[in-house]
Amino acid sequence: VGERVLLKCSFKSSSPITESLLVDWTYRPLTGGQMETIFHYRSVPHPTTAGKFKDRISWAGNVVNGDASIAIQSPELSDNGTFICSVKNPPDV
């Protein structure tokens, strides 16, 4: 709690990395409920602009190196839940 936390995500692709590469991070609270997209990357990072992670998520990855990690600032116990990283590099998924 209170320290920056890194959520690691690594990927491999048989296709060259292009501007079409897409990274989506989704989150579902531990208590259940709707999945929500908290981070989107396509050529540039697009952190969420609403919800509990607004202004607390930053890009920590490097897609050229197969890294799609993000960081969360000032995590709280209520942030506990399931975080899913999805990478699509057409035609690879």
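The values are calculated or read from the model by the stated rules, or taken from the named source; none is laboratory data. None of the values given here were measured: they were computed from a predicted structure. Please note: Cβ atoms are built from the backbone with ideal geometry, for glycine as well, and neighbour counts cover all protein chains shown. For accessibility, only protein heavy atoms count, side chains too; no ligands or nucleic acids. Shrake-Rupley method; radii C 1.70, N 1.55, O 1.52, S 1.80 Å.
Here segment 9-56 is the region considered, the condition is being small (Gly, Ala, Ser) and at pLDDT below 90, and the residue that is least open to solvent (accessible area, probe 1.4 Å) is Gly32. Of all residue pairs spaced 6 or more apart or on separate chains, those with beta-carbon atoms under 9 Å, a first member in segment 1-24 that is at negative phi and of a type in the set (Ser, Thr, Tyr) and a second member that is loosely packed, with under 12 Cβ neighbours inside 10 Å and modelled with pLDDT of 95 or more are Ser10/Asn65. Within segment 57-83, the set of residues being aliphatic (A, V, I, L, M) and loosely packed, with under 15 Cβ neighbours inside 10 Å comprises Val64, Leu77.
Flag: Leu6 does not match the condition of being of a type outside the set (Asp, Glu) and surrounded by 13 or more Cβ atoms within 10 Å (Cβ to Cβ). Flag set for Ile17, criterion: touching a helix residue (DSSP H, G or I) at 6+ places or on another chain (Cβ under 9 Å) and under 22 Å from Val93 (Cβ atoms). Return the residues of segment 48-83 that are outside any loop (DSSP other than H, G, I, E, B) and free of Cβ contacts under 8 Å to residues at least 60 places away in the same chain; say none if nothing qualifies. Listed by number, the residues that qualify are Ile57, Ser58, Trp59, Asn62, Val63, Val64, Asn65, Asp67, Ser78, Asp79, Gly81, Thr82. For segment 84-93, the tally of residues that are open to solvent by 50 Å² or more (accessible area, probe 1.4 Å) and either over 12 Å from the mean Cα position of the chain (by Cα) or over 28 Å from Ser14 (Cα atoms) (or both) stands at 4.
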